[in-house]
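What follows is a single structure, written as structure tokens, with notes after it.
The values are calculated or read from the model by the stated rules, or taken from the named source; none is laboratory data. It should be emphasised that the depicted structure is a prediction, and the values quoted were computed from it without experimental measurement. A quick note on method: Cβ atoms are made from the backbone with ideal geometry, for glycine too, and the neighbour counts reach across all protein chains shown. All accessible areas refer to the heavy atoms of the entire protein, side chains included, with ligands and DNA or RNA removed. Shrake-Rupley method; radii C 1.70, N 1.55, O 1.52, S 1.80 Å.
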Amino acid sequence: MTKSAKPSRLQDGPIRHPILPDDFIGRIKRFKEILGDVDASSIEATVDNFKRDAHPENELVIWERIASTFQTFLSHNQTIDPAVRKDIFAVLVGVSMGMEEFPNIKHLNEGQIKHLVHNYRGL
């Protein structure tokens with residue numbers, strides 16, 4: 001059964017990993033650099049979230065894959081349009097969480113969405 005909660009009632013989980021290795025922080029900075037214009041969270045907040053994650057390495061691999069797929073897609077579909085770039089990011093975050101449909105994406109066509117999904121999944 002799925003429960004819903006108001007975002008204002010959500011609380012951060014406990015710090016599970018008080019110290020993250022320098023190379024781990026470097027990897028976070030690299031993916032944040034790629035996603036900087038579409039991911040508004042600060043480096044500090046992102047690092048803090050990884051410290052709270054039960055399996056930070058697994059989560060980091062997901063974010064690296066999102067960044068890599070984002071970068072590859074843009075190398076073949078160059079755009080500086082913020083709305084398009086945000087839609088690309090939204091599709092990649094959605095597919096990383098198992099989404100199959102993307103009804104709120106307004107600036108990408110079905111073929112582009114399918115291409116992003118296939119590239120993220122490595123198909």
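Across the stretch 53-86, what is the number of residues that are assigned to a helix (DSSP H, G or I), over 24 Å from GLY13 (Cα atoms) and out of contact with any Asp or Glu (no Cβ under 9 Å at 6 or more places or on another chain)?
Let us first name the residues in the stretch 53-86 that are assigned to a helix (DSSP H, G or I), namely 56-76, 82-86.
Filter once more, so that each one left must be over 24 Å from GLY13 (Cα atoms): 65, 67-76, 82-86.
Then keep just the ones that are out of contact with any Asp or Glu (no Cβ under 9 Å at 6 or more places or on another chain); that gives 65, 68-76, 83-84.
So the count comes out to 12.
Taking only pairs six or more apart or across chains, which ones have beta-carbon atoms under 6 Å, a first residue in the stretch 99-123 that is in a loop (DSSP other than H, G, I, E, B), and a second residue that is loosely packed, with under 13 Cβ neighbours inside 10 Å?
HIS107/ALA83
Among (1) part of a helix (DSSP H, G or I); (2) over 17 Å from the mean Cα position of the chain (by Cα), there is one condition PHE50 misses while meeting the rest; what is its number?
With (1) part of a helix (DSSP H, G or I); (2) over 17 Å from the mean Cα position of the chain (by Cα) applied to PHE50, the lone miss is (2).
Return the residues of the stretch 35-47 that are open to solvent by less than 50 Å² (accessible area, probe 1.4 Å), free of Cβ contacts under 8 Å to residues at least 40 places away in the same chain and part of a helix (DSSP H, G or I); say none if nothing qualifies.
Within the stretch 35-47, ALA45, THR46, VAL47 qualify.
GLY36 - would you say it is within 22 Å of GLY122 (Cβ to Cβ) and not hydrophobic (A, V, I, L, M, F, W, C)?
So GLY36 does not fit the description; no.
Scan the stretch 48-81 for residues that are among the hydrophobic types (A, V, I, L, M, F, W, C), more than 19 Å from TYR120 (Cβ to Cβ) and surrounded by 15 or more Cβ atoms within 10 Å (Cβ to Cβ) and jot them down.
Taking the stretch 48-81 first, the residues among the hydrophobic types (A, V, I, L, M, F, W, C) are 50, 54, 60-63, 66-67, 70, 73-74, 80.
Applying the additional criterion that residues be more than 19 Å from TYR120 (Cβ to Cβ) yields 50, 54, 80.
Answer for the stretch 48-81, where residues must be among the hydrophobic types (A, V, I, L, M, F, W, C), more than 19 Å from TYR120 (Cβ to Cβ) and surrounded by 15 or more Cβ atoms within 10 Å (Cβ to Cβ): just PHE50.
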